[in-house]
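What follows is a short report on a single structure.
The values are calculated or read from the model by the stated rules, or taken from the named source; none is laboratory data. These numbers come from a predicted model, not from an experiment. Because the Cβ atoms are built from the backbone with ideal geometry, glycine has one as well, and the counts that use them run over all protein chains shown. When the accessible area is computed, the model is the full protein with side chains, heavy atoms only, and any ligands, DNA or RNA have been set aside. Shrake-Rupley method; radii C 1.70, N 1.55, O 1.52, S 1.80 Å.
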Amino acid sequence: MSNNEYDVVIAGGGIAGLTAGLQCARAGRKTRVLTGPALGGHLLSIERIDGYPGFPDGIPGYDLCPMVQEQAAGAGAEFDASAASGLAALDGRWRVTTNGGDLWTRAIIVATGTTSRTLGIPGETRLRGKGVSHCASCDAPLMRARVAGVVGGGDSALQEALTLAQHVARVVILHRGEAFSAQEAYCRQVRAHPKVDVRFDTIVEDVLGDAVLTGVRTRGVRDGTTADLELAGLFVYVGLTPVTAWLNHLTDLDETGRILTDSAMRCARPGLLAAGTVRASSAGRAAAAAGDGATAAIAADGYVKHGIWPTS
Ligand SMILES: Cc1cc2nc3c(=O)[nH]c(=O)nc-3n(C[C@H](O)[C@H](O)[C@H](O)COP(=O)(O)OP(=O)(O)OC[C@H]3O[C@@H](n4cnc5c(N)ncnc54)[C@H](O)[C@@H]3O)c2cc1C
């Protein structure tokens, strides 16, 4: 096999891609993991991953992900930080275009995860990194003794509001709905937390501030009244967009843009698999993404060994 030829290439260095890399390398497959912009993916910035097996008190993502990478590299997986930008099926192989050159592989596991959705309102892009953020653990320590806002009502919003509350004077959760969609455990902690206030039925209309964020303008869903709220930080958790544009429409997506697979993580085209939160029906939790990665690796190994694909 020449230098740029692989049994399995994995696009994505989150927990799904890292686990797939580990399992493919352990199966003796020549494996390359393209980690893209963020080795560790979303978990890297999470101070306490809840619900991951083996860590009853949680574990920081910045501890867990390098451990898995090290384990995969120890098993023989190759890593690089390039991003996949294109994919083509040619003569029973896949050509993966990356910013570091082309790679050829029998099987490709897509584990490119998601990016955080934005509010799409004035000022948000201009003040990103100047008060507007998607990472509580990175930016909260800069806002001690001040007030931070969190937008959203799901697991991520509430979990990160609780992380913020450890650092700042007060947290205000702004949610457009009339109730949270998060797990009850998070809702309970938020309700009981003396430093967290909640404003339901509230839309963030504008981000205020010239050089840095100074606050937001909100509008009530029910009465339409607007109000300004002074904030040192605004943390946005309003959903996730799957990273699939680079696939050139080679695979079927569900209505949310996530990749359709069978239960072995296989797509319709032989040798193409998907794992983690980029996949339709992903459970959205880290343990589920790791499980997807392991399942995809086993299916990819079987394909490389036997060349059989159920739908081919
Ligand atoms: C704020 C927040 C808190 C959370 N807390 C928890 C928790 O406590 N417990 C829990 O179980 N889950 C939690 N989750 C969910 C968890 O983060 C996800 O389930 C998990 O990160 C999914 O992993 P993944 O590998 O599928 O994708 P991601 O984590 O999204 O990783 C995607 C990877 O793909 C790479 N990539 C992107 N584009 C390309 C490309 N073109 N080429 C190559 N690589 C590319 C990225 O660099 C990254 O390495 C949380 C999520 C958020 C947003």
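Brief remarks follow.
- When residues of the stretch 280-305 are limited to those that are of a type outside the set (Gly, Ala, Ser) and modelled with pLDDT of 95 or more, the one farthest from the ligand (Cβ to nearest atom): 305
- Boolean, residue 10 is out of contact with any strand residue (DSSP E or B) (no Cβ under 8 Å at 6 or more places or on another chain) and either among the β-branched types (Val, Ile, Thr) or open to solvent by less than 50 Å² (accessible area, probe 1.4 Å) (or both): no
- Count of the stretch 256-267 residues which are away from the ligand (no atom under 14 Å from the Cβ), open to solvent by 10 Å² or more (accessible area, probe 1.4 Å) and modelled with pLDDT of 95 or more: 5
- Scanning the stretch 119-172 for residues that are at positive phi, open to solvent by less than 30 Å² (accessible area, probe 1.4 Å) and under 23 Å from the mean Cα position of the chain (by Cα) yields a count of 2.
- Once the stretch 72-100 is narrowed to residues that are of a type in the set (Asp, Glu) and open to solvent by 60 Å² or more (accessible area, probe 1.4 Å), the residue that is nearest to residue 303 (Cα to Cα) is 91.
- Of all the listed residues (202, 277), the sole one being polar (S, T, N, Q), open to solvent by less than 70 Å² (accessible area, probe 1.4 Å) and away from the ligand (no atom under 16 Å from the Cβ) is 202.
- Candidate set from the stretch 70-94 (those that are in contact with a Phe, Trp or Tyr (Cβ under 8 Å, 6 or more places away or on another chain) and under 18 Å from residue 309 (Cβ atoms)); member that is nearest to the ligand (Cβ to nearest atom): 87
- Test: residue in the stretch 133-146 that is part of a strand (DSSP E or B), within 15 Å of the ligand (Cβ to nearest atom) and of a type in the set (Gly, Ala, Ser): yes
- Hey, residue 238 touching a Leu at 6+ places or on another chain (Cβ under 9 Å), in a loop (DSSP other than H, G, I, E, B), aliphatic (A, V, I, L, M) and open to solvent by 70 Å² or more (accessible area, probe 1.4 Å) or not: no
- Every test in (1) touching a strand residue (DSSP E or B) at 6+ places or on another chain (Cβ under 7 Å); (2) open to solvent by 10 Å² or more (accessible area, probe 1.4 Å); (3) over 26 Å from residue 156 (Cα atoms); (4) of a type outside the set (Gly, Ala, Ser) is passed by residue 69 save one, and that test is (3).
- Residue in the stretch 45-57 that is nearest to residue 137 (Cα to Cα), counting only those that are open to solvent by less than 70 Å² (accessible area, probe 1.4 Å), of a type outside the set (A, V, I, L, M) and within 7 Å of the ligand (Cβ to nearest atom): 50
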